[in-house]
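The values are calculated or read from the model by the stated rules, or taken from the named source; none is laboratory data. On a predicted model such as this, the values are computed, not experimentally measured, just so you know. So basically every Cβ, Gly included, is an ideal-geometry build from the backbone, and we count neighbours across all protein chains shown.
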Amino acid sequence: MEKTKLLEKNMTKRTKCIVYTRVMGYHRPVESFNIGKKGEHRERVKFVESKNYL
């Protein structure tokens, strides 16, 4: 099933997700950021831990 059709089908089950990030030692919701800070947050590189353990 296509992604858009799947989203439309389950639209009534969806809820808003609030994303938090750590800023200067405390957590803040990303939705409260100004336009520049939101852009900076989108450009951040996410850390992915390697599954190869020694």
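Listed by first and then second residue, the pairs linking a residue in segment 40-51 that is closer than 16 Å to residue 19 by Cα to a residue that is in a helix (DSSP H, G or I) and not charged (D, E, K, R), with Cβ atoms under 6 Å apart and 6 or more places separating them unless they lie on different chains, are 41/30. Screening residue 48 against (1) within 13 Å of the chain's Cα centre (by Cα); (2) not in a helix (DSSP H, G or I) leaves a single unmet condition, (1). Residue count for segment 3-28 under the criterion of being of a type in the set (Ser, Thr, Tyr) and either in a helix (DSSP H, G or I) or at pLDDT below 85 (or both): the result is 2.
Is there a residue in segment 35-54 that is surrounded by 10 or more Cβ atoms within 10 Å (Cβ to Cβ) and of a type in the set (Phe, Trp, Tyr)? Scanning segment 35-54 turns up no residue that is surrounded by 10 or more Cβ atoms within 10 Å (Cβ to Cβ) and of a type in the set (Phe, Trp, Tyr).
Which ones in segment 29-39 are under 13 Å from the mean Cα position of the chain (by Cα) and either of a type outside the set (Val, Ile, Thr) or outside any helix (DSSP H, G or I) (or both)? Before you say what the answer is, go through the steps one by one.
Going through segment 29-39, the residues under 13 Å from the mean Cα position of the chain (by Cα) turn out to be 29-31, 38-39.
Hits for segment 29-39 are 29, 31, 38, 39.
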